[in-house]
Amino acid sequence: MTNNNNGSSEFDVVIVGAGFAGMYQLKRMREASFSAVVLETADDVGGTWYWNRYPGARCDILTVDYSYSWDRELEKEWVWSERYATQPEILRYAQFVADKHDLRRDIRFNTRVNAARWDEEQRRWVITTNDGGQLNARYYVMATGCLSMPKVPDVAGSERFTGEVYFTSTWPHDGVDFSGKRVGVIGTGSSAVQSIPLIAEQCEQLTVFQRTPNFAIPARNGAISEERIAAYKKDPVAYREEARWSEIGVPRERPQLSALQVSEEERSARYEAMWEEGELRAVGAVYNDILTNADANDTMRRFINDKIRAKVDDPAIAELLCPDNHYVASKRPCLDTNYFETYNLPHVKLLDLRDDPIATITETGIDTGKASFEFDAIVFATGFDAMTGALVGVDIIGSDGLTLRDAWDHGPQTYLGLMSVGFPNLFMITGPGSPSVLSNMMVSIEQHVDLITDTLVSLREKDFDRIEPTELAQSRWVEHNNEFADLTLMPSANSWYMGANVPGKPQVFLPYIGGVDRYRTACDEVVARNYLGFALNGPSGQQVNDGIIRELKPDVQLLLEAIAELDLPPMETMGVDGARQFMIESGASMPPGPDVGEIMDGTLSGADRSALEYRLYRPPSGGPHPITVYFHGGGWVLGNAITDDPLCRYLCLHSDSIVISVNYRHAPEARFPAAADDGLAAVTWVSEHAQELGGVPGRLAVAGWSAGGNVAAVAAQQARFAGGPEICGQVLLCPATDGTDRRPSHHENAENLGLTLSLMDWFWDNYCDEGNRSDPKASPLLARDLSGLPPALVLTCQFDPLRDEGDAYADALKGAGVKVRHLECEGQIHTSIPAVDVVVTAEYAREAMATALREFFGEPSPVSSGL
Ligand code: N01
């Protein structure tokens, strides 16, 4: 391929890689009048599709989706022949685009980048190539692909073999004729699953060396369905837009149903439909908990394994082919055509390396511990140093002299998977920390290219010429990524997503798993908030807009999204009965919390001698136990003894105390001070009846959430005034402590975060006249003397309107000499902590509550609460 590039060495932008990412980036740079060149090792465009020419190579996203969306004409000019186009057809498509847009004149082929160094003085990248050339550019874009650096063979003796050696990732351009040959294939990932049936068709003998069996669903390749074409043709622009705002970059709704919510029959029917559909997107789209719940995943694993058993004649081989050590989709599942059926052929043998690992490759074949195999050819389908390999493979030296390799020694550090601190003006297309390999790459490539282009244009307009993320923005993005991945089963697998396939590679989950739509929203927000998390410099000065783009914990974000989806009217507009009913119904849809030893309902005597219902939770261990009197949340208006059931179970089990949840009287029927007085009455009654309840007299604590935290705090104060009963500790979770004043958190967190300010106002209005709110029985923060109160754990949540009330109470208690631990829960909202098994990132806070109770009771606890 000839280079028409004019041989210049000074550019605005140097792009590495002429795959789909580099080609589009070049196009956009030209349009935006930046001088740009692409450097490419190969002698033509195509990237992945240039190199991976093994038999059977196809994409695993329908080609109608896996294509550029930026050229409307192209969409009409190019018609894909099959659902999943072959590598040659996709390569022809890339070449067609290169021709059509005359891209090659700005691409230097046969040119490998050896090193790139940031020159701070010049504010330019200096790039050295394999031919001894040097270029320099203001901006440097790595469009090097996620699966482009073949894994170096880690099989002993791999250099010894004297026969033919092939790598699926760098297949000979003229093809390979395996006729009459004995062939060994190492690996059973996507490349192997695609190539094995075709190699088997040709060769005389085939032995497949399998270390990990893989999930695969039938590709059902063929003509693209009329339905799909119609969906696209109806409104191509809308179709593409839907893809951009979808979970994986292919139009499809997120599933709403759990695999565990449906009958066995319904589950099978849906799995059959998925099996028939033949699309990877269908795997993640059947149920909403396949990637997060081991039991749900297991239902799909059993279904797929039964299908494998049905395809393979020899039951022993079938068992070897059934994945049993990882969850479905925790390693990239495959699409197959006749893969499993190939093992029914008499000349195809499966060797299970888990039972008999490869000892060495020899001059003539492969020796395992138990046998020797002779081959004419060995095929390595052993995969890639994914996502980071191609980036750290080049000596990229940043502003502090550190290489990217060293900076990422413990795993990639990126902001948005796009840039990395210490490497100004270096952009990565679909880098680690972006949806990349978990999405339709075309959609993610286009998004990054557009974002990079818009950013460069914006910098130029504002007279900036240097951009770099801030440490804070980057570290919190990395944390956000890890927290999102930790909500799923993905980190449990030895996958290339985790870097686990490359010996010595740090194991972190590499792509962003929140979805294309959430990722795009975050990027758009970064730009809209004036490049939040970036430092910009240039002749016009500097702008450092430090900050964090995603502060909410990811499961909290998911919870709030689910609530927003319901599009409910504000609770305060539902009326008291409606709001109460709603609270009960929404509680019923939450996970139940852990089992305890015993649950018992009873009544106790309230402040006005009325009977108050309570629910008692007894630990499974032998009693007697200390007692925690618990006051539920609900703004003194809503809720009852069982509405905080999961949290009560949790506290009972983990603090090893009896928890008695009290249905104190509610407003507006019983306004202030009914709830406050009932709090003290309940504590007194429980203390007096401790023994008959199975408790230990004198070992009693109070706990409460929200308005219940208020009741608990007031009960502790009242008991101190009254000289009893003795309370050994108080756990106050997001307590309401002051109804007289507005604080910053009331405004900052007024809306869209679960508890709203307007709902809180409604609660106060129902509960207590304005004139009474300065009474410490309503606003315990306003008590004149807080000394002598029992030790306290006060938990406050960053995104709670009540945060500053709780903070102030913790400070006031400390100021009065009370032993206090104040746990400020970052990224959490008012409803996070009671959401047992839903908001798992708040687990540590629940643990802290249980630990504090144990310590109040003088029980040994596994960890110190700090009290
Ligand atoms: O690579 P892989 P791949 N001894 O890493 C085994 C995309 N892709 O090229 O799982 C013995 O998946 C390894 O075993 P284990 C797609 O995203 C897409 O197949 O590590 N075995 C595994 O079985 C895909 O996921 C398409 O235990 C060794 C295999 O080699 C990604 O590229 C097509 C070994 C490697 O599988 C990578 O796929 C092809 C050793 N020392 C690829 N080392 C489509 O679009 C490794 N293995 C359809």
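Read-outs: derived from the displayed coordinates by stated rules, not from any lab. Since this is a predicted model, take the numbers as computed values, not measurements. Neighbour counts run over all protein chains shown; Cβ positions are idealised from the backbone, glycine included.
Listed by chain and number, the lysines whose C-alpha is less than 24 Å from the C-alpha of residue 181, apart from same-chain residues fewer than 8 away, are 349, 370. Counted by Cβ distance under 14 Å from residue 848, the other residues give a net charge of -2, where Lys and Arg count +1 and Asp and Glu count -1. Among 664, 238, 498, whose Cα projects farthest towards the positive end of the dipole of the chain, with charges put on the beta-carbon of Lys, Arg (+1) and Asp, Glu (-1)? After comparing all options, I get 498.
For the chain, a crude dipole built from +1 on the beta carbon of Lys and Arg and -1 on the beta carbon of Asp and Glu, taken about the Cα centre, is about 940 debye to the nearest 20.
Looking at region 228-353, the pairs of alpha carbons with a distance over 17 Å make up 65% of the total.
Placing +1 on each Lys and Arg Cβ and -1 on each Asp and Glu Cβ, with no other charges, gives region 258-329 a dipole about its Cα centre of roughly 160 debye.
Pairwise Cα distances in the chain exceed 56 Å for 23 percent of all pairs. Annotation for region 316-424: trypsin sites (Lys or Arg not before Pro) lying in DSSP loop with at most 15 further Cβ atoms inside 10 Å of their Cβ are 354, 370.
Packing around the peptides 193-203, 82-92, 248-258, 574-584, taken as the average count of other Cβ atoms within 10 Å per residue, puts them in this order, highest first: 193-203, 82-92, 248-258, 574-584. Cα centroids of region 165-212 and region 752-789: 72 Å apart. Relative to the longest principal axis of the Cα atoms of the chain, helix 87-100 runs at roughly 80 degrees. For region 197-249, the direction-averaged projected area of the alpha-carbon convex hull comes to 6.5 nm². Of the peptides 589-600, 303-314, the order by per-residue mean of other Cβ atoms within 10 Å, starting with the highest, comes out as 303-314, 589-600. Over all other residues within a Cβ to Cβ distance under 13 Å of residue 549, the charged ones net out to 0, with Lys and Arg as +1 and Asp and Glu as -1. Each listed q (0.09, 0.14, 0.18 Å⁻¹) maps to a log10 I(q)/I(0) for region 132-291 from the Debye sum over equal C-alpha point scatterers, namely -0.55, -1.05, -1.21. Kirkwood hydrodynamic radius computed over region 716-792 comes to 14.1 Å, based on all pairs of distinct alpha carbons. Among beta bridges identified by DSSP and lying wholly in the chain, the antiparallel ones come to about 40 percent.
Qualifying GluC sites (Glu not before Pro) in region 611-713, where qualification requires a DSSP coil assignment and no more than 11 other C-beta atoms within 10 Å, comprise 669. Which whole-number percentage describes the relative contact order of the chain, with Cα contacts under 8 Å and a sequence gap of 6 or more? Computed over the chain, the figure is 10 percent. Radius of gyration (Cα atoms) of region 69-175, expressed as a multiple of 2.2 N^0.38 Å: 1.48.
Once C-alpha pairs closer than 8 Å and six or more residues apart are averaged by separation and normalised to the residue number of region 626-675, the relative contact order reads 45 percent. Across region 172-323, C-alpha contacts under 8 Å between residues 6 or more apart give a mean separation that, scaled by the residue count, equals a relative contact order of 20 percent. Quantify how much of the Cα-Cα distance distribution of region 409-475 extends past 14 Å, in percent. That fraction is 60 percent. First check a/c for region 547-645, with a ≥ b ≥ c the square roots of the eigenvalues of its C-alpha gyration tensor; if it is under 1.5, answer rounded, and if not, answer prolate when a/b is larger than b/c or oblate otherwise. Oblate is the answer for region 547-645, as a/c is 1.5 or above yet b/c matches or exceeds a/b. Loop-located trypsin sites (Lys or Arg not before Pro) in region 777-807 (DSSP state other than H, G, I, E, B) with a sparse environment of at most 15 neighbouring Cβ atoms within 10 Å: 784.
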